[in-house]
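A short write-up of the structure that comes next.
Each reported figure results from applying straightforward, stated rules to the coordinates on display, with no laboratory input. The structure presented is a predicted model; accordingly, all values stated were derived computationally and were not measured. Don't worry about glycine lacking a Cβ; one is built from the backbone with ideal geometry, like all the others, and counts go over all protein chains shown.
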DNA sequence: GGCATTTTGGACTGCACAGTCCACTTTAAA
DNA sequence: TTTAAAGTGGACTGTGCAGTCCAAAATGCC
């Protein structure tokens, strides 16, 4: 797998992006290797050349790719939540992104397909959430140094996850709008300290 | 499909419950009709006798069954959120239920498998959430008549959905604990009115 | 230019698994 | 007790699709 020539790397990239698009459009369950082959102008042997462990291997690469996009699409705000204005811009970006995507959440579809049992999948997902939450916690510390940043960040990530889940389930963006808005509002007006459950 | 004798109804029920258990344990993708046949002591012809449209038909019945359970397991609290003590008992029940289930969320797994494209699946899911949210909104009106009950209920359902999603993704119950606790706390101390986004 | 390695084409294999078929048995109503 | 309908058993079929194989072409290195 090492020693990829530029040409090879380009092909591999083409496969990942082509597969990602197909999966976004039709769902992982409805996309076969032949579809990917056709959409990316490749042959069966190429697919297995770049992903020796087969389809699972490939979907894993697609999942990693999608996870990366999730965070990238929140930039530059996510890395710079240093003012309430930035927080609002971030919130609007997140809501707009999910509103555009509607029910098509490639990442949740992929993980459901691959199964969290696979440690590699789990690593991708938990890693992404960890980075996401770290950025948010940094932002909390910037605007509310007295707050329990980790707790607030946990609440915020949970609100987004819930909004996304409900969006997929009911095609209604309000769960995300309300959940995220209230959570930020909550942070803004008070400063929740660690408390017992 | 009408004219089910008691024996037939029992068999059908046995199939649904047996399939539900298998799916909870192994995930819908890893359960075939032969597994269900073996686990429920039935034959292929019985499966298709009771579910003429095949596997999808059967998984639909399983999904409806699981959706029913989700609400039932929150009773009697969910229908009687008339005091803060009841609210806390409800919260504890919800958290305990998900803590016990850990990553195995049969409903999300099933819907991911069946796809929300199917109107029958969507009906089951949206119907369940609608009933859930209605109960919660009733509870809000009982303890905070001045609050925007629908908005608060939306926030609460979103927090639970997010907690469940993060539990599946990261095997960490704190998202649910914190999200639900903060949302209730938020309701308790203030009374959010409708506000512009 | 020549040799090794990477990249590519596409036919072929294997099988898991949903779905079919028909014969047999049990149930229940008249 | 007869008989029509519901219930049951299990072998069989068809196929969609992941994965294999080998041979040919392009590429890179000395």
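Observations on the model:
- When A:16, B:168 are sorted by how many other C-beta atoms sit within 10 angstrom of their C-beta, beginning with the fewest, the order is A:16, B:168.
- Angle in degrees between helix A:119-143 and the longest Cα principal axis of chain A, rounded to the nearest 10: 30
- Arranged from fewest to most other beta-carbon atoms within 10 Å of their beta carbon, A:42, B:5, B:165 become B:5, A:42, B:165.
- Semi-axis lengths (Å, descending) of the ellipsoid that matches the C-alpha gyration tensor of the stretch B:62-189: 24, 17, 13
- Likely footprinting exposure, B:129, A:175, fewest C-beta neighbours within 10 Å first: B:129, A:175
- Hull volume in cubic angstrom per residue (convex hull over the Cα atoms of the stretch B:6-58): 63
- As a length-normalised measure over Cα pairs under 8 Å and 6 or more apart, the relative contact order of chain B settles at 19 percent.
- Chain A Cβ-axis minimum, rotational copy B, residue and distance in Å: A:162, 1
- Subtracting the Cα-Cα distance of residue B:102 and residue B:49 from 0.36 nm times their residue separation leaves 15.6 nm of extension gain.
- Taking each residue as 0.36 nm, the span from residue B:120 to residue B:75 lengthens on full extension beyond its C-alpha to C-alpha distance by 13.6 nm.
- The modelled label-to-label distance for the pair residue A:85/residue B:189, using points 7 Å beyond Cα in the direction of Cβ, is 2.8 nm.
- The other copies place their residue B:99 label points at 3.8 nm from this one, listed shortest first, where each point is 7 Å from Cα along Cα→Cβ.
- Along each principal axis, Cα extent of the protein assembly as shown, largest first, Å: 68, 57, 31
- Label geometry 7 Å along the beta-carbon vector: residue B:52 inter-copy distances in nm: 5.2
- The angle separating the long axis of helix B:174-189 from the principal Cα axis of greatest extent in chain B is about 40 degrees.
- Placing a label point 7 Å from the Cα of residue A:72 along the Cα-to-Cβ direction, the distances to the matching points in the other copies come to 4.7 nm, shortest first.
- Helix A:84-101 and the long axis of chain A differ in direction by around 40°, with both axes built from C-alpha atoms.
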